[in-house]
Amino acid sequence: MTAHGARAVERCRILADGSFSETPGSLFRFWLGPAYQRTLTQVAQWMEEAGLSTRLDATGSLIGRYEGLTPGAPALMIGSHLDTVRNGGAFDGNLGVMLGIELVSALNAEGTRLPFAIEIMGFGDEEGSRFAAPMICSRAMAGLIDSIPAHMTDASGITMADAMIRSGLDPARLTEAARRSDELVAYIEPHIEQGPAIESADGEIGVVTAIAAQTRQGVTVTGQSDHAGTTPMSMRQDALAAVAEMILAVERNGASGGATQVATVGQIDVTPNTSNVIPGEVRFSLDMRAETNEARDAMAEAIRMDLCTIAAKRSLGITFDMPQYLPAAACAPELVAGLARAVTSVTGRPAQRLLSGAGHDAMAMVDLCPMGMLFIRSPGGLSHHPDETVRVGDVELAHRALLAFVKEFQS
């Protein structure tokens, strides 16, 4: 008897091996890179062994299809992403794809066909690790974009169009990745929680009710570079000292909304970044998330006002980049209920329901079809880190819950 959860975990660990990474000694796999291409080959092989036919869409994402009782029937899509963050972990995204493959493997071994097809999705870019445009592949599938950003480049100066061409893709055909709403009955994304809530409740798996609204924005604070030894403290326009105060303001605002909102400064770029020169300019990132669009926008405005007040007090300039907005995405109530019943059937307990603070491809797919998410416990709440892990028993429960869900599902 196949231990589907254990095999899903083992395969995630295989994909964390150096041959599937761009960087020796750590895991970093970005969309359309050499390691990504090797990953496609390996995952496609596993899909085909499970009984799926495979193809690449116009973004280079991998799709496996298991036909239903009627060939060509609309599909229930299950999956996640195959790319990683720099120095990432083995299970973020990849586990969802592996669980989808194991689901089909189990159905195929039983000889079970359903009234709908099942498609297993391996999206190429969710993280935005190569280009500053996260979820480019799922957004293309959902019909949310009709062309690629013209002048966006990666760290090596390669444009997105060039990266696609080098991988045998045609940027002009990006819209061919879009699916019609009548092709998919729903999208389900199994994913590690990336947080501590399930573990805190002594659970193994849980059901997501919604994905938090997000805003990402760059901020530039401008002062005056000057000699660190000869400029009196009272006469300085120190951009970095101001940003230190601003970061505390960001933290304070993030904490003011309780457990349903967060705010983070994760990147800082100091100019001239020299030990004996007062910093004249600092750029930093802002990441703001909340349960609703309205709560996120209110927090963002409060942070903006506080930062402007600090800049004015210190006689500094401040500018804000155009923000990137990701609206809150509600999971379909019928999918939440169905997943909750499936979880209860394998755990014997009422399903824990959670808000996802992290972004997922499901945020884009909600514009195409009903979506739901199944979370798997993250030991220690750790993710986006080499030590990110899962428990095999939890993954086996997730597999059994998905199997119960699809057998009960009515398209």
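Per the Cα gyration tensor, region 6-58 maps to an equivalent ellipsoid with semi-axes of 20, 16, 7 Å, ordered largest to smallest. When Rg and the Kirkwood radius Rh are both evaluated on Cα atoms of region 254-295, their ratio Rg/Rh stands at 1.22. The charge dipole of region 213-326, taken about its Cα centre with unit charges on the Cβ atoms of Lys, Arg (+1), Asp and Glu (-1) only, comes to about 120 debye.
Could you tell me what percent of the accessible area of region 213-326 is made up of carbon and sulfur, with a 1.4 Å probe and every protein chain present?
Values: 3260 of 6150 Å².
The C+S portion of the solvent-accessible surface of region 213-326 is 53 percent.
In this structure the amide hydrogen of residue 143, modeled in the peptide plane, comes within under 5 Å of the amide hydrogens of 179, none closer than 5 places in sequence on its chain.
Computed from backbone phi with θ = phi - 60° and the Karplus coefficients 6.51, -1.76 and 1.60, the 3J(HN,Hα) list for region 42-58 is 5, 5, 4, 4, 5, 4, 5, 4, 7, x, 9, 8, 10, 7, 9, 8, 5 Hz; x is used for glycine and proline. Here the ratio of the Cα radius of gyration of region 56-120 to 2.2 N^0.38 Å is 1.25.
Near residue 7: Cβ cut-off under 13 Å, other residues only, Lys/Arg at +1 and Asp/Glu at -1. The net charge is -2. Just so you know, the averaged projected area of the alpha carbon convex hull for region 341-392 sits at 5.0 nm². Remark: region 243-317 carries 53 Å² of accessible area per residue (probe radius 1.4 Å; ligands, DNA and RNA excluded). In this view, the solvent-accessible surface of residue 308, computed with a 1.4 Å probe and all protein chains in place, comes to about 50 Å². Per-residue 3J(HN,Hα) values for region 258-267, derived from phi via the Karplus relation 6.51 cos²θ - 1.76 cosθ + 1.60 with θ = phi - 60°, read x, 7, 9, 8, 9, 9, 9, 9, x, 9 Hz in sequence order (x marks Gly and Pro). Surface analysis of region 1-128 yields an accessible area of 33 Å² per residue, using protein heavy atoms and a 1.4 Å probe. Evaluating 6.51 cos²θ - 1.76 cosθ + 1.60 at θ = phi - 60° for every residue in region 60-67, the Karplus couplings come out as x, 7, 9, 10, x, 10, 10, 5 Hz, glycine and proline recorded as x. For region 317-411, the equivalent ellipsoid derived from the Cα gyration tensor has semi-axes of 29, 20, 10 Å, listed largest first.
Applying the Kirkwood pairwise sum to the alpha-carbon positions of region 69-159 produces a hydrodynamic radius of 15.1 angstrom.
Size of region 143-185 from its Cα atoms: along the principal axes, largest to smallest, the extents are 40, 19, 16 Å. Around the amide H of residue 195, modelled in the peptide plane, lie the amide H atoms of 378, all under 5 Å away and 5 or more residues distant in sequence or on another chain. Panel values: the chain, Kirkwood radius from alpha carbon pairs, Stokes-Einstein at 10 °C and 1.306 mPa s, translational diffusion coefficient 71 µm²/s. Just to confirm a number: summing +1 for Lys and Arg and -1 for Asp and Glu over residues other than residue 160 whose beta-carbon lies under 12 angstrom from that of residue 160, what do you get? Net charge in that neighbourhood comes out at -1.
Relative to the longest principal axis of the Cα atoms of the chain, helix 239-255 runs at roughly 40 degrees. Taking each residue as 0.36 nm, the span from residue 367 to residue 109 lengthens on full extension beyond its C-alpha to C-alpha distance by 89.5 nm.
Annotation: amide H of residue 385 within the under-5 Å range of 89, sequence separation 5 or more or interchain, hydrogens built in the peptide plane. Over region 330-411, average the accessible area per residue using a 1.4 Å probe and give it in Å², no decimals. With the other protein chains kept in place, region 330-411 gives 39 Å² per residue. For region 123-265, the Kirkwood estimate of the hydrodynamic radius, built from every pair of different alpha carbons, is 20.1 Å. Overall size of region 101-153 from C-alpha positions, given as principal axis extents largest first: 50, 21, 10 Å. Every pair of different Cα atoms in region 1-152 enters the Kirkwood calculation, which places the hydrodynamic radius at 15.8 Å. Divided by 2.2 N^0.38 Å, where N counts the residues, the Cα radius of gyration of region 213-326 comes to 1.12.
The values are calculated or read from the model by the stated rules, or taken from the named source; none is laboratory data. Computed from a prediction, not measured in an experiment: that's the story for all the values here. Every residue, glycine as well, gets a Cβ built from its backbone with ideal geometry; the counts of neighbours run over all protein chains shown. Just the protein is used for accessible areas: all its heavy atoms, side chains included, with ligands, DNA and RNA removed. Shrake-Rupley method; radii C 1.70, N 1.55, O 1.52, S 1.80 Å.
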